[in-house]
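First comes the structure, then the notes that go with it.
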Amino acid sequence: MDIAPVYELKARLRAAAIAGTNLLSEDFRLKKAAESFAPMAAASPVFAKINEMTTKLLNDGSPENLLDTITLVDAVITTLGAVDVQGELEDIPVSESGMVIVNAPYSQLSAILGALTESGGGQYNTFIEMKENYPELLNDYRVKPAMVKGLGAPYSELADEVAATIGEMGAEMLPLLKNGFDPKGKKEMLRRLSVIERIAGAQENDFYLEQLENAEKDIRKRLIYALRHDEKNIDKLFELVKTEKGNSKTAAISALASFDNEKAGACVEEYAKKKPAEVLKLMDRVSSEWSSEFTARLIERVLTDKDGNKVTLTQAADIDNIRLKDSLSFWDITGALTGKFGESIERIYRDFDNKNQSKFTDTSKFMDNALGDSIIKTGNDGLKKLAVELNNRPETKGQYVYAEAVTRLLGEEDCSKWFEKQVGAIYDKKLINSQSLISKQIIKAIWHITYENGVYSVVTKCYDSILDMYLPETSAPINQSMIEALTDIFIKYPSIQFDSMIANWADPNDRKYCEKLANAFVDHAVDKELGFIMSLSHLRKLGVGNIKGIALKYLKNHPDTDKWSIRRIFTELNGDRDYWRAEVNEVIGLLREGKLKTAMSKDQIEDFAVWAESQPNYYRDTV
């Protein structure tokens, strides 16, 4: 029996728990997973019960029903047995195409190959689990070409994850990516090209030019845009501007705008005389001295309403009443500002007044975002001074919090008191489980902090209109002492979202820092308002387990815990076998004696004891 639908249903239920039950009616992936699982209802009574509970959940969207369904599905998966494959292990022959795994278990290899080459539910989860648990299999000579094939997976999340994985593997994958490349192809070839660009950039310029000769439609547009990696292509791009049409011509103009080159700039400026609005929309990812000056002039030129009257950027922000000419929007202009610097750009920010804010959109946030993202992208000192100035002058006070926060994060001074004041001002104990806390501009800056390879930095994403995707922009490193100060602030002002944020900052080699986080997460796990399961996940990430009494403390604080919830608690508990058994036995003993109050009846307590006894080998090891 194919049990993939069980795992797919589990994944979609967990995603629904994160997104919130108010979005269940719109979750088409959960509905699809439920439909795939439905035929299994006839296989056993427990599958029939899962099917019944899932159907009820989709109808009423009850948080209680969601938790009950997740718990039952998890319990069933825990009891599913492994499948043995008959036969003897054989050595895998060495191939010239790459590294090889000797005596790789066939069950492992077949799982990842199936996820990459076959259709059906659960393939994404299978690939993720294999990648996390058996990363060495990615180097197998049979898996590498299957990964390239996986770029064409109909499930876009799987294809995107495979693309990211191949990109991390580097130049060794280039021959496979180029082999059989079809310049007239569709999504798979577009993903291949994106990965080639990510890995090689200008080094594969000859490949781009060669494929361009026969390329069509989207592939042609993307190959033209790939020529931006090498200034040797400027003359070729001049030709393409004259000969290409539509999206391909737009790609050629955008590629030329990428060069901080007088000759290329002159061509772009000439084209902008005829189509200023079109060119402005292409300036969203460009950052140079030339493009900054040019963008400032271009913004002045396009600020005309649909009737031909000149307007200011302040007036254009009144999107309820002002419509710009040539289908331009206020967002196009703030997008073009991103990455730009210099006196002309600074003047645009200073002249902007948000008095005409839309009734539906806080337009000041878009100016704040453009300035903050530009500081991350360029590190420009003039923009940093501007951010502090604008956020503190009377006319615009508090409207550039994100930009000032980014500036302070990237500075050398201790600004922890400033951050604590800002966070304290927005903190509301009633909102500790609400997205409204992290929607604030001050949190946006801190949320972008990323730890990777021993370095803390701020990472934002800027939109590329030709690639139709957001690309990461990374700041200069952040001082380690600033991270520790911010951690103290968010321990003082706890929320589920803040815990997730600081958990991602953990350097596994910094045991003192990890211990600080662990102590906080233990306290948060037993708090009435904070998430027990989420806190356990953070502790597991830190390698912390065997925490005596943590489940008991939680249950004492939550006397309304039902039978399914208590099972889930012990399903997620971190620790070894002896610890798990001791913890569950203590709770069962107190429940039987009536010394621990829950929402379970006496019969349900005994059912829980039977369940616990049937799990002699169950425990969740820490990592």
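The values are calculated or read from the model by the stated rules, or taken from the named source; none is laboratory data. Computed from a prediction, not measured in an experiment: that's the story for all the values here. Because the Cβ atoms are built from the backbone with ideal geometry, glycine has one as well, and the counts that use them run over all protein chains shown. To get the accessible areas, we keep the full protein, side chains included, count just its heavy atoms, and leave off ligands, DNA and RNA. Shrake-Rupley method; radii C 1.70, N 1.55, O 1.52, S 1.80 Å.
Before moving on, here are some points about what is shown:
- Taking Cα atoms only, the orientation of helix 563-572 departs from the longest principal axis of the chain by about 70 degrees.
- Separation of the stretch 182-228 and the stretch 497-519, taken as the distance between their Cα centroids, equals 41 angstrom.
- Label-to-label distance, nm, for residues given as Lys275 and Val388 (7 Å Cα→Cβ offset): 4.3 nm
- Applied to the stretch 157-174, the Karplus parametrisation 6.51 cos²θ - 1.76 cosθ + 1.60 on θ = phi - 60° returns per-residue 3J(HN,Hα) values of 5, 5, 4, 5, 5, 5, 4, 5, 5, 4, x, 6, 6, x, 4, 4, 8, 4 Hz, with x for Gly and Pro.
- Estimated distance in nm for a label pair at Glu413 and Ser327, the labels positioned 7 Å out from Cα along Cα-to-Cβ: 4.7 nm
- Amide proton proximity set for Cys462, modelled H, under 5 Å, gap of 5+: Leu471, Glu473
- Checking the cross-link pairs Lys232/Lys273; Lys281/Lys444; Lys186/Lys245; Lys306/Lys377 against a 29 Å limit on the alpha carbon distance flags Lys306/Lys377 as lying beyond it.
- Sequence-distant contacts, meaning Cα pairs under 8 Å at least 6 residues apart, place the relative contact order of the chain at 7 percent.
- Per-residue ellipticity at 222 nm, computed for the chain from helices alone with -39500 (n - 2.57) per DSSP H run of at least four residues, works out to -17500 deg cm²/dmol.
- Under Karplus coefficients 6.51, -1.76 and 1.60, residue-wise ³J(HN,Hα) of the stretch 234-248 in Hz, glycine/proline x: 4, 4, 4, 5, 4, 4, 5, 4, 7, 9, 7, 10, x, 5, 5
- Here the Karplus relation 6.51 cos²θ - 1.76 cosθ + 1.60, evaluated at θ = phi - 60°, turns the backbone of the stretch 476-489 into coupling constants of 5, x, 9, 4, 4, 4, 5, 5, 5, 5, 5, 4, 4, 5 Hz, with x for every Gly and Pro.
- Ranking Ser500, Tyr513, Gly531 by Cα position along the charge dipole of the stretch 494-623, where only Lys, Arg, Asp and Glu carry charges on their C-beta atoms, puts Tyr513 farthest toward the positive end.
- Modelled spin-label separation between Leu590 and Ala171, with each label point placed 7 Å from Cα along the Cα-to-Cβ direction: 6.0 nm.
- Take every Cα pair under 8 Å whose residues are at least 6 apart in sequence, average their separation, divide by the length of the stretch 145-228, and the relative contact order is 29 percent.
- Stokes-Einstein translational diffusion, the stretch 142-208 - Kirkwood Rh over all Cα pairs, 0.692 mPa s, 37 °C, in µm²/s: 279 µm²/s
- C-alpha long axis of helix 187-200 to longest principal axis of the chain, angle in °: 80 degrees
- Take every pair of alpha-carbon atoms less than 8 Å apart whose residues are at least six positions apart; their mean separation over the length of the stretch 380-431 yields a relative contact order of 24 percent.
- Within the chain, the longest run free of trypsin sites (Lys or Arg not before Pro) that sit in a DSSP loop with at most 15 other Cβ atoms within 10 Å is 1-183.
- To the nearest ten degrees, helix 532-541 and the longest principal axis of the Cα atoms of the chain are 70 degrees apart.
- Structure note, pairs Lys563/Lys597; Lys131/Lys187; Lys512/Lys556; Lys365/Lys461; Lys56/Lys556; Lys149/Lys184: Cα-Cα distances above 20 angstrom occur for Lys131/Lys187; Lys512/Lys556; Lys56/Lys556.
- The stretch 272-343 and the stretch 558-613: distance between their alpha carbon centers, rounded to Å: 62 Å
- Proximal aspartates and glutamates to Lys49, defined as alpha-carbon separation beneath 14 angstrom and excluding residues fewer than eight positions away on the same chain: Asp68, Asp74
- The slack in the chain from Ala485 to Asp320, taken as 0.36 nm per residue of separation less the alpha-carbon distance, amounts to 55.2 nm.
- Tyr427 accessible area, assembled protein chains, probe 1.4 Å, Å²: 50 Å²
- Estimated at 0.36 nm per residue, the fully extended path between Lys242 and Asp60 surpasses their Cα-Cα distance by 59.6 nm.
- Computed with every protein chain present, the accessible area of Met189 is close to 20 Å² [probe 1.4 Å].
- Note on semi-axes √(5λ) of the Cα gyration tensor in Å: of the candidates [x] 48, 34, 23; [y] 50, 27, 23; [z] 124, 40, 25, the value calculated from this structure sits at [x].
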